[in-house]
1. Give the residues of region 187-221 that are in contact (Cβ under 8 Å) with a residue 60 or more places away in the chain, in the same structural domain as PRO119 (by TED's automatic domain parsing) and small (Gly, Ala, Ser), sorted by residue number.
2. In region 164-177, which residue that is more than 23 Å from the chain's Cα centre (by Cα) and not in a strand (DSSP E or B) is surrounded by the most Cβ atoms within 10 Å (Cβ to Cβ)?
3. Checking the structure you have, find out if any residue of region 344-361 is more than 17 Å from PRO237 (Cβ to Cβ), exposed (fewer than 14 other Cβ atoms within 10 Å of the Cβ) and modelled with pLDDT of 95 or more.
4. Do we have GLY288 as on the phi > 0 side of the Ramachandran plot and either hydrophobic (A, V, I, L, M, F, W, C) or surrounded by fewer than 17 Cβ atoms within 10 Å (Cβ to Cβ) (or both) here?
5. In region 304-327, which residues are crowded, with 19+ Cβ neighbours inside 10 Å and in contact with a Lys or Arg (Cβ under 9 Å, 6 or more places away or on another chain)?
6. Hey, could you check region 227-254 for residues that are modelled with pLDDT of 95 or more and over 23 Å from CYS82 (Cα atoms) and say which is surrounded by the most Cβ atoms within 10 Å (Cβ to Cβ)?
7. Inspect all residues belonging to region 71-89 and state whether any of them is assigned to a loop (DSSP other than H, G, I, E, B) and of a type outside the set (A, V, I, L, M, F, W, C).
8. Give the residues of region 18-39 that are buried (at least 21 other Cβ atoms within 10 Å of the Cβ), assigned to a helix (DSSP H, G or I) and in contact (Cβ under 8 Å) with a residue 60 or more places away in the chain, sorted by residue number.
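The values are calculated or read from the model by the stated rules, or taken from the named source; none is laboratory data. Not measured: the values here are computed from a predicted model. FYI the Cβ positions are ideal-geometry reconstructions off the backbone, even for glycines, and counts take in every protein chain you see.
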Amino acid sequence: MTDTRTDDPVAAAIALAPQIKAAKDEIQTQSTLPNSLVEAMAEANLFQLFVPRSIGGPETDPITAFLAVEELSKVDGSVGWCSFVASAISMYSAWLPADVGREMFDQPLDIRAAGSFRPTADARPLDGGYLVGGRWNYVSGSDHANWLVLNCNIVGDSGPVFDSQGGPVTRVMIVPRSVAMVEKTWHTLGMRGTGSNDVVIEEAFVPNEHTCLLYEAAATDGALYEPRTVTATGWTPFAAMGLGIARGAMDTFVRLATSSGSTTSPTLMRDRTAVQTVVGETEAIISGARAYALDAVGAMWESACRGDLDPGPQVLQARLAITHAVRESVRAVDMLFYAAGTNAIHESNDLEQYFRDIHAAGQHIAALHSNFEYGGQLLLGLPPGASGW
């Protein structure tokens with residue numbers, strides 16, 4: 001097999017726009033990405049942006065990954081989401097020794113990862129590995145995945161295992177998608193094409209070398225894989241996804257405003273003062289949030305590349321900027337949707353889908369207001385109430 005993957009994921013994402021547009025109806029009705037689009041995204045490395053070069057991945061820096069996912073999300077939020085999630089999850093291939101990764105994933109590399117870091121199922125230690133079984137929900141991309149990355153609670157003969165602080169011990173298991181069954185549970189307001197279904201494993205043995213611990217040192221050297229920055233790095237494309245949806249909504253609104261009136265007036269929307277004000281304000285909201293995200297993530301990336309011993313201040317700003325980007329994207333889309341009036345509520349108008357998608361995406365943990373609380377705790381000299389800060 002000849003490797004035809006591109007080294008420019010941003011250009012590839014832009015080039016995919018016509019194919020994504022043509023597939024939008026199928027994505028909505030089938031609640032998954034069409035196979036032809038999945039194959040094209042895989043060829044462009046868009047499911048494995050953060051996989052290390054040591055096993056054949058592109059090891060894309062977070063700014064470039066941001067720009068690629070943003071372009072996908074301008075066209076369809078579910079497509080951008082699938083790229084973001086798969087890339088963030090497959091990043092943990094760097095926690096495996098390179099020789100193990102090369103043997104597991106074959107060459108040319110094609111990791112289409114899905115999974116969950118919520119430990120909702122169990123793993124029992126056995127000689128040489130773990131016996132895994134249980135259910136995980138919200139597993140985005142489960143239909144097109146070929147690998148699953150699943151966090152598990154470790155259980156022994158007497159029940160769950162706890163660490164010295166009294167917390168449950170967990171471990172990440174990397175398993176072929178073929179050992180799991182997908183249950184079609186994804187019936188939602190928005191982000192329908194992500195196929196974020198449940199996956200169930202009745203029982204599977206996972207060798208020790210196919211497992212790792214979250215937040216421990218990676219087996220692969222590199223700025224992408226620093227335990228202190230890995231959460232913020234993995235969530236960077238999430239900010240891009242939100243901002244891409246907002247930009248897509250803005251572009252749609254401008255086309256609508258310059259071509260139609262409303263049910264109560266034939267006057268073009270663009271000629272109304274209220275609409276002009278909304279467009280100016282939402283442009284400032286989207287562009288401002290984007291600038292903060294790129295600046296904060298860029299500073300964190302530079303800190304990681306320098307090998308700073310304490311990247312905490314940069315991580316703090318990046319985490320705040322990521323949450324801020326998506327919350328502001330929700331606000332901007334809401335303003336545009338309201339300003340469009342009844343034009344916005346029809347499925348024939350893409351603004352309706354952008355509205356649904358951003359509201360579904362805004363429920364993700366990286367977009368919750370609790371992130372502002374944790375950032376505020378740090379700024380006030382208190383320990384944060386969550387990991388990854």
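1. Residues satisfying the conditions are GLY190, GLY193, GLY195, ALA204.
2. It comes out as VAL169.
3. No; the residues of region 344-361 include none that is more than 17 Å from PRO237 (Cβ to Cβ), exposed (fewer than 14 other Cβ atoms within 10 Å of the Cβ) and modelled with pLDDT of 95 or more.
4. No.
5. ALA304, PRO311, VAL315, ALA325
6. PHE253
7. So far as region 71-89 goes, yes, one or more of its residues are assigned to a loop (DSSP other than H, G, I, E, B) and of a type outside the set (A, V, I, L, M, F, W, C).
8. Residue satisfying the conditions is ILE27 alone.
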